[in-house]
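Laboratory data are not the source of any read-out in this text; all were calculated from the coordinates shown. Given the structure is predicted, the values throughout are model-derived calculations rather than measurements. Cβ sites come from the backbone with ideal geometry, for glycine too, and all protein chains shown count toward neighbours.
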Amino acid sequence: MATHHTPAQWNNFVAALRQSVKPATGCTEPISLALAAAKAAACLSAAPTQIRCYVSPNLMKNGLGVTVPGTGMTGLPVAAALGAIGGQPDAGLNVLCGVTADDIAAGKAFLASGAVSVEIKEPCSHVLYSEATVYSGDDQATVTICGDHTHVTEISHNGTIIYQDDAITHQGGSDNPFADACARDIYDFATQAPVSMINFMRQAADLNDALAREGMSNPYGLQIGRSLEKQRERGLLSKDLLSDIMIRTSSASDARMGGAQLPAMSNSGSGNQGIAATQPVVVVAEYLQADEEQLIRALTLSHLMAIYIHSQFPPLSALCAATTASMGAAAGIAWLFEGKYEPVAMAISSMIGDITGIICDGASNSCAMKVSSGVSAAYKAVLMAMNQQCVSGNDGIVCTDVDKSIANLCALASLSMQHTDVQIIEIMANKAKSA
């Protein structure tokens, strides 16, 4: 493993952050389909009359139960309709950020007419796949997104391909910025790089903390943040740093999954992962009265560590990636408290020994529960590391080398949990049929 940075490596890390840490309005799987529909509709000269969509099983799983921003409605057909009618085709993950009340009303009417269909594409070799065909009378356009939430691989208009790009975008490919990197390299970059290279990470705190305030002010989703705050006021939960982390993180996820029309700063294509990697760091930085540079470096360490881990397993899988994003948060928090690498590695190792195996059963309001569990485990792991304790290389899948522990975790997500994923999707499909 590399232990000394090169300018090229640091530039790769900056590129990875800019590629994977982006604002996103709404859960990113429905948003991916909305983007495909918006781009297809943009090819037509008149208003849509019909939309037909095909998605991968994993994208269907993550689109069944999540609220589309501003609509109060759940599901992929809602996202497709809203994308085609009011989406901004060049806005990426913010495709729905400019929809109006009139757009939403028109989208609901379009859905009620039965003009939108979304089905699983069979067979489908891609984990992340969205295909939207939008019709306007005899005029039609099809857009395919594959491999990444915003990676358009093909656009066709009336049967003629007008754009094609088959490049692999998942970071496990040949352009993987982490191919020769290790956790220590990420730590060194985050703590030593000129702050001018990474000061853009400050926006993660601004966006996700605004989302947390929205979640505390209004009854979104499961209202976990509001519920915990209410029980604090009753004296049933201590007012301390741990409860602050739980409340300010879960309230952001509540708002995110409950359909708030504010963007989250995402990580690895997920708003919840971005929230999990951001909010605990923000709360601890405030508690320690950290300066601006310390906050930016801690956010960089958290987000880049989360990206590094997630680059080693598929973008969508049976493993809840909010847990791996929380490992990034543990890294950022450990550095804020201790200012050295060893507690960072220890905290990540303890988390791998603690919460590995939490499943992803689709995007829904309950994601905020898993986000809360992940960040709670992160804080616990950091406290242990501060006492020179961690899950050791003698225990389970954890190794003495933190990078080997990460590789073992990601092997589970990439290989054995594929069978789990099939079972989860089957259970959810059967639920939908019997509803």
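How many angstrom separate the Cα center of region 379-435 from the Cα center of region 96-136? Each part's Cα centre sits 33 Å from the other's.
Counting only lysines at least 8 places from residue 433 when in the same chain, those with an alpha carbon closer than 25 Å to its own are 61, 108, 121. Highest mean packing first, where packing is the average number of other Cβ atoms within 10 Å per residue, the peptides 224-236, 94-106, 290-302 line up as 290-302, 94-106, 224-236. For the chain, with a Gaussian network of springs between Cα atoms less than 10 Å apart, report the residue from 208, 11, 62 with the top mean-square fluctuation. Maximum among the listed residues: 11.
Between 261, 273, 192, the residue with the greatest mean-square fluctuation in the GNM of the chain (Cα pairs under 10 Å linked by springs) is 192.
Measuring how big region 242-386 is from its alpha-carbon positions, Rg and Dmax come out at 13.6, 40 Å. Size descriptors for region 381-426 (Cα atoms only): Rg and Dmax, in that order, 14.3, 44 Å. Rg/Rh for region 173-434 stands at 0.96; both radii use Cα atoms, and Rh follows the Kirkwood definition. Ordering of 49-55, 70-76 by packing is 49-55, 70-76, highest average first (other Cβ atoms within 10 Å, averaged per residue).
Legend: Rg and Dmax of region 25-164, from Cα coordinates, 13.1, 38 Å.
For residue 136, the residues whose modelled amide H falls within less than 5 Å of its own, excluding neighbours fewer than 5 places apart on the same chain, are 49.
Taking the C-alpha atoms only, the angle from helix 321-338 to the longest principal axis of the chain is near 30 degrees. Straight Cα distances below 12 angstrom link residue 239 to the aspartates and glutamates 229, with same-chain residues fewer than 8 positions distant left out. The long axis of helix 224-233 is offset from the longest Cα principal axis of the chain by roughly 50 degrees.
Can you give me the P(r) profile for region 320-397? Cα pairs, bins 5 angstrom wide beginning at 0, each as a whole percent. Result returned by the calculation: 3, 19, 28, 21, 16, 8, 4, 1.
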